[in-house]
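The values are calculated or read from the model by the stated rules, or taken from the named source; none is laboratory data. Keep in mind that this is a model prediction, so the values were computed, not measured. All Cβ positions, glycine included, derive from the backbone under ideal geometry; neighbour counts span all protein chains shown.
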Amino acid sequence: MKDLKGELVHEENEWSHRIIASAIEVHRHLGPGLLERTYEDALCVEFEERQIPFERQVVIPVVYKGRTLQDHRLDLWVARKVIVEVKSVEHVAAVTEPIVYSYLRFAGSRLGLILNFRNARLVDGFKRIINVRDPNPGDCRMFES
């Protein structure tokens, strides 16, 4: 959750640190440039070893006036708090950030991480997307950090 200044509370920050540490471990062992699925599989192993609760390929409906319009599919959802989008691409497409933001809105979460394992240094390949307002669909806007 966030306070009015848009700062994440301790719980989301703590999950974020644990997720990034796990991703660094995966990247250290596998290196850059493999398929996204490989990194997602390895992250799941790492989360299990670190006892990080997660769900994989979670379907989140996009609902409008009580009707489901479509479904979003989250790569990983850690503790139902942090959405992780796994990438292994030369450059993350500009559309990826608003997609993750949309996931945050409809999942009711506040923090998303885009992890691009293609980079030689993983630190250059991750981005935090923060839902700065009420995580319910409607009155939200995107903030990057």
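Hey, among the residues in the range 42-59 that are farther than 11 Å from R18 by Cβ and β-branched (V, I, T), which one's farthest from the chain's Cα centre (by Cα)? Full working, then the answer.
Of all residues in the range 42-59, those farther than 11 Å from R18 by Cβ come to 42-45, 48-49, 55-59.
Keeping just the survivors that are β-branched (V, I, T) gives 45, 58-59.
Working: V45: 17, V58: 12, V59: 14 Å.
In this case the residue turns out to be V45.
Quick one: how many residues across the range 93-122 are within 21 Å of R28 (Cα to Cα) and in contact with a helix residue (DSSP H, G or I) (Cβ under 8 Å, 6 or more places away or on another chain)?
Start the filter on the range 93-122 by keeping residues that are within 21 Å of R28 (Cα to Cα), which leaves 113-122.
Now restrict to residues that are in contact with a helix residue (DSSP H, G or I) (Cβ under 8 Å, 6 or more places away or on another chain): 113-119, 122.
Residues that pass the stated criteria total 8.
I'd like to know if the range 110-119 contains one or more residues that are farther than 22 Å from A21 by Cα and either assigned to a strand (DSSP E or B) or modelled with pLDDT under 90 (or both). Walk me through how you get there before you give the answer.
From the range 110-119, those farther than 22 Å from A21 by Cα are none; that's our starting set.
No, that holds for no residue.
Give me the pairs: first residue in the range 87-110 and within 22 Å of P32 (Cβ to Cβ), second residue of a type in the set (D, E) and buried (at least 20 other Cβ atoms within 10 Å of the Cβ), beta-carbon distance under 8 Å, and six or more apart or on different chains, which are they?
Matching pairs, first to second residue: T96/E85; V100/E85.
If you take just the strands (runs of 3 or more DSSP E) that sit entirely in the range 1-103, which of them hold at least 3 residues that are surrounded by fewer than 18 Cβ atoms within 10 Å (Cβ to Cβ)?
Details: elements: 54-64, 67-78, 82-87.
Ranges flagged: 54-64, 67-78.
Can you list residue pairs whose Cβ atoms sit under 6 Å apart, with the first residue in the range 52-72 being within 16 Å of E40 (Cβ to Cβ) and the second being surrounded by 10 or more Cβ atoms within 10 Å (Cβ to Cβ) and of a type in the set (D, E)? Count only pairs 6 or more apart in sequence or on different chains.
V59/D71
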